[in-house]
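Peer 1: One structure coming up, written as structure tokens, with questions to follow.
Only the coordinates and a few stated rules stand behind these numbers; no lab work does. It should be emphasised that the depicted structure is a prediction, and the values quoted were computed from it without experimental measurement.
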Amino acid sequence: MKDMSSYFSNLGPRGGSNRQADFDEFEAMELYCPKCGQAVAVRKSLLLILPEGDKYEYRCQNCGTPVGDKLDKSGQFYTLIKR
Ligand SMILES: [Zn+2]
């Protein structure tokens with residue numbers, strides 16, 4: 001039994017880091033939405049995969065208005081294409 005518990009505690013940190021990688025796709029952030037008139041939680045979605053990087057769009061979670069975008073040069077899709 002003692003051996004089993006140390007086995008699981010060794011697995012623990014690895015499982016945790018895998019979950020963190022998934023969590024990266026939900027960047028918790030707020031941007032100002034002109035329609036709502038306040039800073040709102042935004043949804044990040046992949047818009048385009050360009051030669052210079054992954055283009056992401058941020059949309060207001062309340063009304064869906066695009067409130068910003070971002071070019072991610074270290075994005076996972078960009079890295080795949082660059083190969
Ligand atoms: Zn809004």
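Peer 1: List the residues whose amide H sits under 5 Å from the amide H of Ala41, counting only those 5 or more places along or on another chain, with H placed 1.01 Å from N in the peptide plane.
Peer 2: Correct list: Gln61.
Peer 1: Can you work out the Karplus-derived ³J(HN,Hα) for every residue in region 53-68? Use 6.51 cos²θ - 1.76 cosθ + 1.60 with θ = phi - 60°, whole Hz, and x for glycine or proline.
Peer 2: x, 8, 9, 10, 10, 10, 10, 4, 6, 7, 10, x, 5, x, 10, x
Peer 1: Could you run the Karplus curve 6.51 cos²θ - 1.76 cosθ + 1.60 with θ = phi - 60° over region 41-49 and give me ³J(HN,Hα) per residue in whole Hz, x for Gly and Pro?
Peer 2: Residue by residue, region 41-49 yields 5, 10, 9, 9, 9, 6, 9, 9, 10 Hz.
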